[in-house]
Each structure stands twice: as structure tokens, then as C-alpha cells.
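Chemist: Once you've had a glance at the structure underneath, I'll fire off some questions.
The values are calculated or read from the model by the stated rules, or taken from the named source; none is laboratory data. Just so it is clear, the model here is predicted, and its values are computed rather than measured. Neighbour counts are summed over all protein chains in view; Cβ atoms, including those assigned to glycine, are modelled from backbone coordinates with ideal geometry. For the accessible areas, the whole protein counts, side chains as well, though only heavy atoms, and no ligand, DNA or RNA atoms are used. Shrake-Rupley method; radii C 1.70, N 1.55, O 1.52, S 1.80 Å.
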Amino acid sequence: MELELKLGVPAKYFFNRLIESVLYDVETQTGRRPQPQHLAGFTYRKKLGNGAVGRLEVTEYRQDHAYAYRLRTGRNQYRVSYQLDDADAGTAVLHYT
């Protein structure tokens, strides 16, 4: 699934909120809070809402522009990517895959 959305906020603002959420999840799951620039390649076990456990690997991190991860569970593999570009003044375009 691919979505392209125009956001009413700058790319940097949206990206910072996204990464704050990511870091909170990492800290909740592992007790550690890595620096954002060290997220690429970071892996950890993640307990999902349905009780399943998966292995999450951050596959891409580019400050203010890109965040992606792969989540493997016993049955499935998910790949998620957020790509951000500035558009008009104060807006951004999000490419979500």
C-alpha cells in the first residue's frame, strides 16, 4: 500500500514527532533510548498488541526526511517507510509505504 499525503506542517515538524514516537517505543520495549542518529540498523524485540512478538529493525534514518523499518513476526514480515519532502511554505508531502 502506498499513500501520498500533503501535510499542513513542515517536514521537520512531522519528522520530529514521528521520531519521538519511535524513541518512546524503543525505550518502552528495551529500557534503552538511543540517539536518533544511531537508529539506522537498530534492532529490538517488540511485543505487539495481540501478544505476538516480533523483531523490529530500523532500515533507514535520514534526519528530517526518511524513516523505515522491517518487522518480522513468526508468520509475517512488514516493511514500512516514511519519506518526507518540503512542499510549499509550512507544508510537506509524506510518501508512506
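Chemist: State, to one decimal in nm, how far the label point of Thr30 lies from the label point of Arg17, with both points 7 Å from Cα in the Cβ direction.
Modeler: Label-label distance for Thr30 and Arg17, simple model: 2.5 nm.
Chemist: Out of the trypsin sites (Lys or Arg not before Pro) in the chain, which ones are loop residues according to DSSP with at most 14 other C-beta atoms within 10 Å?
Modeler: Details: sites: Lys6, Lys12, Arg17, Arg32, Arg45, Lys46, Lys47, Arg55, Arg62, Arg70, Arg72, Arg75, Arg79; in loops: Arg32, Arg75.
Loop-located and lightly packed - Arg32, Arg75.
Chemist: Right, here's the next one. Starting from the Cα of Arg45, step 7 Å along the direction of its Cβ; do the same at Tyr96; then give the gap between the two resulting points in nm.
Modeler: It is 3.0 nm.
Chemist: Then there's this: Computed from the coordinates I sent, Cα extents along the principal axes in Å equals one of (i) 59, 22, 20; (ii) 42, 29, 21; (iii) 41, 25, 17. Tell me the label.
Modeler: (ii)
Chemist: Could you tell me the accessible area of Val53 in Å² (1.4 Å probe, neighbours in place), rounded to the nearest ten?
Modeler: 60 Å²
Chemist: Cross-link partners among aspartates and glutamates for Lys6, C-alpha distance below 16 Å, same-chain residues fewer than 8 apart left out?
Modeler: Excluding near neighbours in sequence, the set is Asp64, Asp85, Asp86, Asp88.
Chemist: To test your reading of the geometry: what angle, between 0 and 90 degrees and rounded to tens, separates the Cα axis of helix 11-30 from the longest principal axis of the chain?
Modeler: It works out to around 10 degrees.
Chemist: Add -39500 (n - 2.57) for each DSSP H run of 4 or more in the chain, then divide by its residues: what number comes out at 222 nm, to the nearest 500 deg cm²/dmol?
Modeler: That calculation yields -7000 deg cm²/dmol at 222 nm.
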